[in-house]
Amino acid sequence: MREELLNFLTQRGTLPEPKAIDYLLSFENPLDYLSSLLNHFEEKPLILTLEEIRRVEAIAERASIEAKGRAQLKPEAVQSKLLEIQKEAPAVPEHFIKEPKEVVRLRRRKEIVAREYGPELKILKDITGKSTSRGKMEDFQRYFRNRFQTMQRMLLSRRELGGCVEVSKAKKLSREVCFICIVNSVKSTKSGHKILEVEDETGTASVLITKTSPLINDWIVPDEVVGIRGSPGKDDLIIAESIVHPEVPINKEFRKAEVSVSAAFISDVHVGSKSFLEKKWSAFSQWINDGEDLAKEIKYLVISGDVVDGIGVYPRQDEDLLIDDIHRQYEEFAKLLSSIPEWIKIIVLPGNHDAVRPAEPQPAIPTSLRNLFSSDVIFVGNPCYFQLHGVEILSYHGKSIDDFVSTVPSMTYSRPLEAMKEMLRKRHLAPTYGGKTPIAPEEEDYLIIEKVPDIFVTGHVHGFGMENYRGIRLINSSAWQSQTSYQKMRNIDPVPGKVPIVNLASGEFFLKEF
Ligand code: D5M
Ligand code: FE
Ligand code: ZN
């Protein structure tokens, strides 16, 4: 019942004090009692304290005696009471980040939907503060063991992989076999076949994919974990008949928020670069402050990395920099964020240009830099799995798209969502170790997509895309930088100034362009 009460209230945007819940639980029908009490509030309380309940009870009682009708509270009375509550700094469940200031604003500009509801943000998975990697040999063994075991568990739930055996046993059997393995290498033979060297905890094996098999177009990448069904061939080779990826379900239902608020997604601001698109940013900032209805619902702004251009990220970067001091770049970025309306919660991830270790998972930018920002800005790691108003979001800067583009022939920088679909299929954000994406061997593999998100967002490629894929909203969130000489050299055509927006109650997509 405690849970039910808590859910009932939080879904309405009200946070109860534990004492208030205890009191309500002393009634025979706590939910009914609470509902009848809530009728006596003129305005929805953001924080429900025991004191407030008592006060409203007294009013309700008086009202029922005096008027024998519905209790009416004067807005001023509620206002002053709420201000009092604010001063008391009530106990708030840890995972909620609240802004009691909202209470006061609520009444002045009711037309801004996002202002009426406090933020509900819960971080579900983030490396920040939890890194144990020292980059030693043992760390790598531990990391890959964790990757294999976690992905093996995920694959074992697949029906096609029933009756799987260990690799050492599979090699000895003379019938069709099935096993789960990590791919050590993928090689093409002169005659156009492919050979995978694979391994599990019991041994290694060589798997042949013939050039006539439909599997030849399934781009297996080193270090991914797959299930293989095959039959014994010549020279100890196992001939692959099917390859099973962990995949995502065909149609996942969107976890809907109770209230009609939205999240906007941007990335790659590259503050400090000569090619930062200041005019586009100003137009965005102006729109979000006094814009149309679409802007009024925006409660969250998720910024998926490369917030500044950084220093020494690529050769001769100094020639492209307008601000050549990292601290000043973040100061400038903080200034840009200070013009975003205060009712919008901003979530900032780092990318490969930010001032944190490049190896993924990357922790949030250091406290010394965070101090430059208002406390309303939340800094998280890359990747980060979090919940906004109940909707689950996986945000990843997207460095590994470089690896997909350079190893899988069908992948291009102009279609980043294709690489994201491949990540979902492999249930891993950066499967290959030793490519363009540096990986830190943490105790646990933070790059595995263990839970299927409602929204999956990346940045990095300075492109753009939004698509509903198997019930998951896929987004690549553009950029605020024009083409640099480095990108020109690599034929990368940026698509800047686009802001994809998802309504968290309906899952609907919107796009605003600047
Ligand atoms: O990435 C900006 C663009 O440059 C993006 O499209 C990817 C591309 N890029 C970045 N790093 C590399 C490497 N190492 N190889 C190939 N392409 C790359 P940004 O992270 O903003 O510099
Ligand atoms: Fe970038
Ligand atoms: Zn990047």
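The values are calculated or read from the model by the stated rules, or taken from the named source; none is laboratory data. Bear in mind the structure is a predicted one, so any value in this text is a computation, not a measurement. Here the Cβ is made from the backbone with ideal geometry for all residues, glycine too, and neighbour counts use every protein chain on show. Surface areas here come from the heavy atoms of the whole protein model, side chains and all, with no ligands, DNA or RNA. Shrake-Rupley method; radii C 1.70, N 1.55, O 1.52, S 1.80 Å.
A few notes on this one:
- Hypothetical label at Met489: residues of segment 289-317 whose amide nitrogen lies under 16 Å (7 Å Cα-Cβ projection): 312-317
- Available extension along the chain between Lys274 and Ser410 is 45.7 nm, counting 0.36 nm per residue and deducting the alpha carbon span.
- Under 24 Å, Cα to Cα: Lys pairs in segment 146-232, sequence gap 8 or more or different chains: 10
- The simple Förster model, with R0 at 25 Å and r as the Cβ-Cβ distance, assigns Arg134 and Asn371 a FRET efficiency of 0.35.
- Linear extension gain, Ser185 paired with Leu511, 0.36 nm per residue minus alpha-carbon span: 113.3 nm
- When shorter helices are ignored and each DSSP H run of at least 4 residues is given -39500 (n - 2.57), the per-residue value for the chain at 222 nm works out to -8500 deg cm²/dmol.
- Rg(Cα) / (2.2 N^0.38 Å) computed for segment 192-347, rounded to two decimals: 1.68
- Size estimate for segment 366-447 follows the Kirkwood approach: the inverse of mean 1/r over distinct Cα pairs works out to 14.7 Å.
- Eligible aspartates and glutamates near Lys122 by straight Cα distance, threshold 15 Å, same-chain separation 8 or greater: Glu94, Glu99, Asp376, Glu392, Asp454
- Between 0 and 90°, nearest 10: helix 50-66 axis offset from the chain longest Cα axis: 40
- Per residue accessible area in Å² of the chain, where ligands, DNA and RNA are left out and the probe is 1.4 Å: 44
- Estimated FRET transfer efficiency (Asp236, Lys256; beta-carbon r; R0 56 Å; 0.05): 0.60
- Per-residue packing, averaged as other Cβ atoms within 10 Å, sorts the ranges 345-355, 482-492, 139-149, 44-54 into the order 345-355, 44-54, 139-149, 482-492, beginning with the highest.
- The lysines within cross-link reach of Lys488, meaning a Cα-to-Cα straight distance under 29 Å and a gap of 8 or more places when in the same chain, are Lys274, Lys279, Lys280, Lys399, Lys421, Lys436, Lys498, Lys512.
- DSSP beta bridges in the chain [antiparallel fraction, %, rounded to 5]: 65
- Estimated from the Cβ-Cβ distance and a Förster radius of 56 angstrom, the FRET efficiency linking Ile216 and Arg55 is about 0.15.
- Euclidean distance of C-alpha centroids, segment 294-367 and segment 248-271, integer Å: 20
- Beta bridges per DSSP, both residues in segment 367-514: antiparallel share near 70 percent.
- Ordering 191-197, 207-213 by mean Cβ neighbour count within 10 Å, with the highest value first, yields 207-213, 191-197.
- Scattering from the chain was approximated by placing one identical point on each alpha carbon and applying the Debye formula without solvent; log10 I(q)/I(0) at 0.11 1/Å stands at -0.99.
- The relative contact order of the chain, computed from alpha carbon pairs under 8 Å that lie at least 6 residues apart in sequence, is 15 percent.
- Heavy-atom accessible surface of segment 338-487: percent carbon and sulfur, 1.4 Å: 49
- Debye intensity ratio in log₁₀ form over the Cα atoms of segment 323-423, taken at each q of 0.11, 0.15, 0.22, 0.23 Å⁻¹: -0.43, -0.75, -1.18, -1.22
- Taking every alpha-carbon pair under 8 Å whose residues sit at least 6 apart, segment 264-418 reaches a relative contact order of 21 percent.
- Gyration tensor verdict on segment 389-514 (Cα atoms; rounded if a/c is under 1.5, prolate if a/b is larger than b/c, oblate otherwise): oblate
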